[in-house]
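What follows is a short report on a single structure.
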Amino acid sequence: MNGSMWTRVWVICATLLIAGCTTFSQSMDRIRAGMDKDEVLSRLGSPKRTFRENGLDNWIYLYFQGDQEFRRDVVFESGKVIRVTRATLSRKSSFHLELENSNSVEEFEAAVRAQQKKSEGFKYIDGGPNESPQKTP
């Protein structure tokens, strides 16, 4: 084959490769009512989180477009898709934003400890941040 033939083959292969690529959002748009869980898994992969509410299974998918995180839910009844939610901008709690913006391990640990203190019945297992750890015999 001459150089021009290789160029044509390369252009055809590149075009087919690009045409075959889809974004996660486009894959979500192809999920239809009546699909079973295996079909959804094969098209989207594992969800970020799942929960069951009022007899319905909810699968939460998170994905990025640019620097924004979006959320879409796939809702199942008796193992079949009954609804796919529209994309919504994922909201992060102030705690998660504080963790992301920490500039050092110390800041990160301080934020985690502050959050843990808010939880009822929290006890430090090492004696607390201002106490020396208890020695085990």
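Here are the numbers for the structure shown:
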quantity: All aspartates and glutamates inside 18 Å of Lys117 as judged from Cα atoms, apart from same-chain residues fewer than 8 positions distant; calculated: Glu98, Glu106, Glu107, Glu109, Asp126, Glu131
quantity: Sequence-distant residues sharing a close amide H with Ser90 (under 5 Å, placed H); calculated: Glu69, Phe70, Arg71
quantity: Debye log10 I(q)/I(0) for the range 23-89, one point scatterer per Cα, at q = 0.15, 0.19, 0.29 Å⁻¹; calculated: -0.42, -0.67, -1.48
quantity: For the range 109-116, 3J(HN,Hα) per residue [Karplus equation, 6.51 cos²θ - 1.76 cosθ + 1.60, θ = phi - 60°, Hz, x = Gly/Pro]; calculated: 5, 5, 5, 5, 4, 4, 5, 5
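Bear in mind that the values in this text are calculations on the coordinates, not laboratory data. Quick caveat: nothing in here was measured; it's all calculated off a predicted structure.
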